[in-house]
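Working notes, structure below.
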Amino acid sequence: MADFFGKAFCKLYTLYGQWSPSKYFVLAFDLLIAVVVFLLVRYGSLSAEHRLYDVLSVFALFFVSFVVVRSYVGLIRHTGSYDIFRVICSGLLCFVLYWLVRWALTSFAPQFLDYIPTVIEMVLTVSVVALFIVLIRLVIKFVYFVGKKNGSRQRSVVVIYGAGSLGSMTKNVLSSDDTVRFKIPYFVDDDFAKSGKVMDGVPVLSVEEGLSLELVEKYNVDTLVLAMPNISPDKKRMVINEGVKMGLHVLSIPSPTTWMSGTFKVNQLRDLKIEDLLGRDPIFLKGEEVRTFLKGQVVLVTGASGSIGQEIVRQVLRCDVKKVVSLDQAETPTFDMQFEMSRDFSDAVSSGKLQFVVADVRDEVRMRHLFSEVRPTIVFHAAAYKHVPLMEENVYEAVRMNVFGTKLIADLSVEFGVKRFVMISTDKAVNPTNVMGATKRLAEMYVQSSTNSSTSFITTRFGNVLGSSGSVIPLFRKQIEEGGPVTLTHKDIVRFFMTIPEACSLVLESSLIGENGEIYLFDMGKPVRIYDLAVSMIRLSRASDIEIKEIGLRPGEKLYEEVLSDREKASPTSHPKILKAKICPCDSAKLNAQISELQEILSSCDDFAIVAKLKEMVPEFISNNSKYSVLDGTRECASVS
């Protein structure tokens, strides 16, 4: 029998959970309560013999009160203090209206006083009606949540990090969810003043106590929600790491820009990404000065459909430029970018302010025509081949693109009077151990030597950017999704990382403060051990039995990257996150002669001959784990003899 009633209750609860009564149904129900209570108060029964005008007068008073205050519009199953307040206000308004009507009848038509309730009757009616409506709402809410508690299939024990207004909002969002029964045993907060107190009936614990394995196991906690927007990157990393180590599902509340009606929904809680672990203190930029500098300029961005190029285009478009030309030889990525920009910058695309060009920066005829037609005033040169192992096997293309492509765009910038040429370089150009790095260093040298003109040449040098195409993070993510193994080249390999928007903002900043012929380095923060990165990504994914496999260094790869060579030093600039490299100037005449020789050797397509010339031009280029390492031994013997 008990089982029968239990199943019947769950069935009724399910039907009720799927039914949301109309607000007009609620209004009619409240009016029915008012009429019934009045009849019981005045006559002691619900007999149909009572006078109709009695009922109509009370009906009219309550109808006006309910409609004016809108006490019937809230969801009954989620009745809160504000809904109760509105019911009380409607009762007070009803009594005020009653007094106004009574005063009017007393003054102008006393013979009709018998048609309305007495003062005592009205006080009792209003009080009992308000009490009944509130009680009925609370009972329905209680029954609903009891049913939800006993009927939900999924259950989750959640700890909320942050006992502030956002933490309270998060608790309310979780408590009102219809699909999962969330139990919140306690809040965690790093403010010692809140520790030991209670918020919304839930205790607040310190970080040390709340994130202890003992307490997590005691309450069977399975999820940790971050609801503290201003947490420092270091503390955020600590909290995430602690949660991940204990096997918790770590979530974060969504950005306020995605909220609807001042709040968010459970399905908007997002999984933590590895970028959250690699974050650092925000970099503050001279945004207004950059906007003033770029205002009215014609900007050409090469390699524009790549991760860096695309973000530069986006940031430049926000600076009230006259025109932006997005140049890339890759057709499909350019098409995809055009589609995205048509959505995000529709006015710029439709007006022609943003122009997409599919072309090769090595094609002199096409580039000369483009410069003649567009007349850019600022060039951001991001076009390059960047994948180390691939370029180790494609030396010809690496030199043509990274050296001669850069040379052509730089020469045309001088010829057509470009004000500023900003080259995007890489930390792999420092003490290069591979062909890609050596070609980028040679491109730096050529740009640095091109100072005898009205064009200012500026080079920016930084490391890996999070989420760029071909970088380690998307690769690891894909391998984890496929069940592993996660492959890394060496357990001790380390790399610098920064976000794409951050890197591009610093590029724009460098274009503002940069001096002709200078190389600028970005503060990349602390280097990240790739093995630790892989472990963190596996833990964040909550995947089990994912193997990490060490496959050995790839051709040209080194264990760590540098931002300065042995012969370089750095000095501060006006921006704390940008340093200026003190580099020995190049002999431009000698360099130009060597580049001409390199071009002649290039026509032979002899990889070893091309790399040998690169090593001659870039003395610090020492191959690592590469077939070209034999050339370093030959070079040493030649220098000794």
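Things worth noting here:
- Yes/no for Lys149 being at pLDDT 85 or above and open to solvent by 80 Å² or more (accessible area, probe 1.4 Å): no
- Residue within segment 512-535 that is of a type in the set (S, T, N, Q), open to solvent by less than 30 Å² (accessible area, probe 1.4 Å) and farther than 27 Å from Pro555 by Cα present: no
- Of the listed requirements (1) at positive phi; (2) open to solvent by less than 10 Å² (accessible area, probe 1.4 Å), Gly417 misses just one: (2).
- Meets criteria (modelled with pLDDT under 95 and closer than 30 Å to Ala609 by Cα) for Val388: yes
- Close pairs (7 angstrom Cβ cut-off, 6 or more residues apart or separate chains): closer than 22 Å to Val361 by Cβ in segment 331-344, open to solvent by 50 Å² or more (accessible area, probe 1.4 Å) anywhere: Glu331/Val358; Thr334/Val358
- All of Leu466, Leu442 fail the test of being under 19 Å from the mean Cα position of the chain (by Cα) and crowded, with 16+ Cβ neighbours inside 10 Å, apart from Leu466.
- Within segment 334-383, the residues that satisfy the criterion of being surrounded by 13 or more Cβ atoms within 10 Å (Cβ to Cβ), assigned to a loop (DSSP other than H, G, I, E, B) and either touching a Pro at 6+ places or on another chain (Cβ under 9 Å) or not hydroxyl-bearing (Ser, Thr, Tyr) (or both) are Phe345, Lys353, Ala359, Asp360, Val361, Arg362, Asp363, Arg375, Pro376, Ala382, Ala383.
- Of all residues in segment 54-98 being open to solvent by 60 Å² or more (accessible area, probe 1.4 Å) and aromatic (Phe, Trp, Tyr), the one that is modelled with the highest pLDDT: Phe63
- Segment 543-578 - residue that is in a strand (DSSP E or B), open to solvent by 50 Å² or more (accessible area, probe 1.4 Å) and at pLDDT below 80 and, of those, nearest to Pro619 (Cα to Cα): Lys569
- When residues of segment 287-333 are limited to those that are part of a strand (DSSP E or B) and in contact with a Lys or Arg (Cβ under 8 Å, 6 or more places away or on another chain), the one most open to solvent (accessible area, probe 1.4 Å): Lys323
- Checked against the criterion of being among the aliphatic types (A, V, I, L, M), closer than 30 Å to Lys141 by Cα and loosely packed, with under 14 Cβ neighbours inside 10 Å, segment 206-224 has no qualifying residue.
- Residues in segment 311-332 that are farther than 24 Å from Leu506 by Cα and of a type outside the set (S, T, N, Q): Ala330, Glu331.
- Within segment 482-501, being among the charged types (D, E, K, R), in contact (Cβ under 8 Å) with a residue 12 or more places away in the chain and open to solvent by 30 Å² or more (accessible area, probe 1.4 Å) holds for Lys491, Asp492.
- The criterion of being of a type outside the set (S, T, N, Q), open to solvent by 10 Å² or more (accessible area, probe 1.4 Å) and touching a residue at least 60 places away in the same chain (Cβ under 8 Å) does not hold for Leu408.
- In segment 156-173, the residues that are under 13 Å from Ile253 (Cα atoms) and in a helix (DSSP H, G or I) reach residues that are of a type outside the set (A, V, I, L, M) and open to solvent by less than 20 Å² (accessible area, probe 1.4 Å) with C-beta atoms within less than 6 angstrom, at least six apart or across chains, in these pairs: Gly167/Phe187.
- Any hit, segment 117-128, residues being at pLDDT below 75, open to solvent by 20 Å² or more (accessible area, probe 1.4 Å) and either touching an Asp or Glu at 6+ places or on another chain (Cβ under 6 Å) or not acidic (Asp, Glu) (or both): yes
- Filtering Phe608, Phe621 for residues that are assigned to a helix (DSSP H, G or I) and among the aromatic types (Phe, Trp, Tyr) leaves a single hit, Phe608.
The values are calculated or read from the model by the stated rules, or taken from the named source; none is laboratory data. The structure presented is a predicted model; accordingly, all values stated were derived computationally and were not measured. Glycine gets a Cβ as well: all are built from the backbone with ideal geometry, and neighbour counts include every protein chain shown. Each accessible area value is taken on the protein alone, full model and side chains, heavy atoms only, with ligands, DNA and RNA left out. Shrake-Rupley method; radii C 1.70, N 1.55, O 1.52, S 1.80 Å.
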